[in-house]
Amino acid sequence: MISSIFEASMLICFGLAWPFSIYKSWTSRTNKGKSLFFLAVLFTGYICGVLFKITGHADRIILLYILNGSMVLTDIAIYFRNRTLDKSRI
């Protein structure tokens, strides 16, 4: 139980940063300072967290993994939009 509180706290702290990252990605309209590899590693980590919860450690914290993973996936989608915009400026 106590470890779930720490796990949830970690995911909430990470999750609070993603809306700012998404907003910056959307408004900057560029990929400068972004790494697709980094985003993919983070997304993979959240998928692993979901799989861990599904395979025998199920609790409501899975929702935080799904929420955070969704925000990373959104940032990845914006990355591809911004890559197209960056190429059109060249």
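Flag set for Ser21, criterion: touching a residue at least 24 places away in the same chain (Cβ under 8 Å) and out of contact with any Lys or Arg (no Cβ under 6 Å at 6 or more places or on another chain).
Results for (1) at positive phi; (2) assigned to a helix (DSSP H, G or I); (3) among the aliphatic types (A, V, I, L, M); (4) under 9 Å from the mean Cα position of the chain (by Cα), shown as yes or no for each residue.
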| residue | (1), (2), (3), (4) |
| --- | --- |
| Leu42 | no, yes, yes, yes |
| Gly49 | no, yes, no, no |
| Gly56 | yes, no, no, no |
| Arg60 | no, no, no, no |
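Would you confirm, using the coordinates I've provided, whether Tyr65 is in a helix (DSSP H, G or I) and surrounded by fewer than 13 Cβ atoms within 10 Å (Cβ to Cβ)? Spelling it out, it is not the case that Tyr65 is in a helix (DSSP H, G or I) and surrounded by fewer than 13 Cβ atoms within 10 Å (Cβ to Cβ). Where residues in region 13-23 are hydrophobic (A, V, I, L, M, F, W, C) and surrounded by 13 or more Cβ atoms within 10 Å (Cβ to Cβ), which of them is farthest from Val50 (Cα to Cα)? Restricting to residues being hydrophobic (A, V, I, L, M, F, W, C) and surrounded by 13 or more Cβ atoms within 10 Å (Cβ to Cβ), the top hit is Ile22. Annotation note: Cβ proximity below 7 Å between a residue of region 24-53 that is touching a residue at least 40 places away in the same chain (Cβ under 8 Å) and surrounded by 15 or more Cβ atoms within 10 Å (Cβ to Cβ) and a residue that is assigned to a helix (DSSP H, G or I) and among the hydroxyl-bearing types (Ser, Thr, Tyr) (sequence gap 6+ or interchain) occurs for Ser25/Tyr79; Asn31/Tyr79; Lys34/Ser25; Lys34/Tyr79; Leu39/Tyr79.
Residue by residue, here is whether (1) small (Gly, Ala, Ser); (2) at pLDDT 95 or above; (3) closer than 18 Å to Ser3 by Cβ; (4) in contact with a Phe, Trp or Tyr (Cβ under 8 Å, 6 or more places away or on another chain) holds:
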| position | (1), (2), (3), (4) |
| --- | --- |
| Ser21 | yes, yes, no, no |
| Lys24 | no, yes, no, no |
| Gly33 | yes, no, no, no |
| Val41 | no, yes, no, no |
| Gly56 | yes, no, yes, no |
| Leu63 | no, yes, yes, no |
| Ala77 | yes, yes, no, no |
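The values are calculated or read from the model by the stated rules, or taken from the named source; none is laboratory data. Values in this document were obtained by computation on a predicted structure and should not be read as measured data. Every residue, glycine as well, gets a Cβ built from its backbone with ideal geometry; the counts of neighbours run over all protein chains shown.
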